[in-house]
Every structure is written in structure tokens, then in C-alpha cells.
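Shown next, in C-alpha cells, is the structure this report addresses.
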Ligand SMILES: N[C@@H](CCC(=O)N[C@@H](CS)C(=O)NCC(=O)O)C(=O)O
């Protein structure tokens, strides 16, 4: 099976992590942003990745991919068996997809879209040269679209940063004295928070080797979060539960 993806995407990392954790063989398949819409639409309703494409079906969305894996590859479960814990876990997953995943992308793209080489590396370093060239040529348009969809405005980025900081503090409180977010074992809630924060923690186990951050203001955000208890916890989750890079 194939996973249609953007290599740096935190939602793709969540799906990849679940696949790797369950030991399911798959082919990570990078698609070119902008042109991805046509590729993805051949398999699914919306245009977003990740999409897991099997011989029989296609599953779009990181949570839906985990649901699919839990049904067809039940070994190494990521969803608590206990009813109450399962509800808590699924609620937390949905909440953190939104409360961490959206704002961190917005905060980083706000400044990093101004660095075409950095963005090109994130999206296309695994693609052949001619596709990288297509990316280069289409980037001015792509940049405007990405800004419109993901960044929106300076004011909304300020709000996103404040929401993000608050979510991080709430999570720190929730994790205080605990190893995992729900119950006593590693679950999809832990995969979700860790993957959403992979863009901030840049863990060495991530399949993309991260380039240097080219922007001083963004570097300051990285520095300010370096010793945050949730980031330290994410590093630990990667150390313990992210199987080695393929
Ligand atoms: N809720 C979705 C979010 C996926 C998402 O936002 N994917 C972004 C990349 S980070 C994407 O594919 N954007 C391009 C598009 O929607 O066309 C999930 O969990 O998979």
C-alpha cells in the first residue's frame, strides 16, 4: 500500500507513525504541492494528505487511517480497549489535531514561506530534480495560496500563537507526573500530540532530516520551547515509541 504524503507534514507523520508502530509495510509517496489536488482527488473527496491507498480502498485523514489500521491490522493497538478511556482518547486526538496542528502550521508558515529553498526542501527533497524544478517555477503562486489558506493575516497569527501557548500549558499540566496522556499505555492521543509537535521539536527519528531554520524570529520560538515539559515529553515519546527510520 501507498501513503500519499508531504514529507514534513505533521498529519502525515501521525499516519506514518501509526503504520510504523503497527509494523505495516507501506510505500511513502511524496506528491507535488499544488498538483497534488489532481492526484489526491483520484482517490478521495477532499484534496488533503495523508491518504492511504490500498488495492481495495483509499482512506483520507490521519485519524481515519488509524481507525482503518485498528480494524485491519489490530496488532499493537493504539486505541484504549476501555470504553471511557477510548472516548477520552478520541476526543483528545480530535482536539489536538485542531488546537496544535492548525496553529503550529500557521505560526511557522507565517515567516517560513518567505524562504523558498527551505520550503522546497520540506516538500520536494525526496522527489526527482525535474519535479523540484516545477516546484521552483510554481512557488510564487503556491506561496500566495498557502498564505491565504494557512496563515490568513498577521492578527490571526498572533491569536494562533496565544492559543498554541495556552494549549501547551494545559498539556503540561495534564502530563505532569504521568507517562502517557490516557491511561497507562501509549495511545493515538500520544501519537497525535507528538506528531503535531514534530514541527517544533524536530526529532532525529523523523523520516525527514530537517534543514537549518532560516529565520531568526522562528528560531526564537524554537529556542523558547526547547525546554518546555511537553517538548521534552515528545522527545521521550520519539525515543521510546518511534521505530527506527526505514
Ligand atoms: N485533518 C486532516 C488534516 C490534513 C491536512 O491539513 N493536510 C494538509 C498538509 S499538512 C494538506 O494536505 N493540505 C493541502 C490540501 O488540503 O489540499 C488529517 O488529519 O489528515
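Read the figures in this text as sums done on the coordinates, not as results from a lab. Worth saying up front: this structure is predicted, and the values here are computed from it rather than measured. In this analysis, Cβ positions are derived from the backbone assuming ideal geometry, glycine residues included, and neighbour counts consider all displayed protein chains.
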Using a Gaussian network model of the chain whose springs link C-alpha atoms within less than 10 Å, name the residue from 61, 101, 23 with the highest mean-square fluctuation. 23
Given the rule -39500 (n - 2.57) for each run of at least 4 DSSP H residues, summed and divided by the residues of the chain, what is its mean residue ellipticity at 222 nm, to the nearest 500 deg cm²/dmol? -17500 deg cm²/dmol
With the alpha-carbon atoms as the only input, what is the per residue convex hull volume for the chain in Å³? 126
What the 10 Å binned alpha carbon P(r) of the range 6-99 shows, as percent of pairs per bin from 0, is 15, 47, 31, 7, 0
At what distance in nm do the modelled label points of residue 25 and residue 75 sit from each other, each positioned 7 Å from its Cα along Cα→Cβ? 1.3
Could you check what % of the DSSP bridge pairs in the chain are antiparallel, to the nearest 5? 60
Would you order 233, 17, 210, 38 from fewest to most other beta-carbon atoms within 10 Å of each residue's own beta-carbon? 38, 210, 233, 17
Starting from the Cα of residue 57, step 7 Å along the direction of its Cβ; do the same at residue 223; then give the gap between the two resulting points in nm. 4.9
With springs only between Cα atoms under 10 Å, which of 220, 22, 14 fluctuates most in a Gaussian network model of the chain? 220
Shape category assigned to the range 84-166 from the gyration tensor of Cα positions, a/c cut at 1.5: oblate
With springs connecting C-alpha atoms under 10 Å apart, model the chain as a Gaussian network and identify which of 67, 83, 97 has the largest mean-square fluctuation. 83
Between the range 124-188 and the range 66-104, what is the separation of their alpha carbon centroids in Å? 19
Please work out the FRET efficiency for the pair residue 176 and residue 149, using the Cβ-Cβ distance as r and a Förster radius of 35 Å; give the result to the nearest 0.05. 0.45
Between the range 199-246 and the range 20-65, how many Å separate their Cα centres? 24
Percent of beta bridges antiparallel (DSSP, the range 2-72, rounded to nearest 5): 60
Using 7 Å Cα-to-Cβ label points, what is the residue 240/residue 95 separation (nm, one decimal)? 2.1
In whole percent, what relative contact order does the range 2-72 give with Cα contacts below 8 Å and a gap of six or more residues? 36
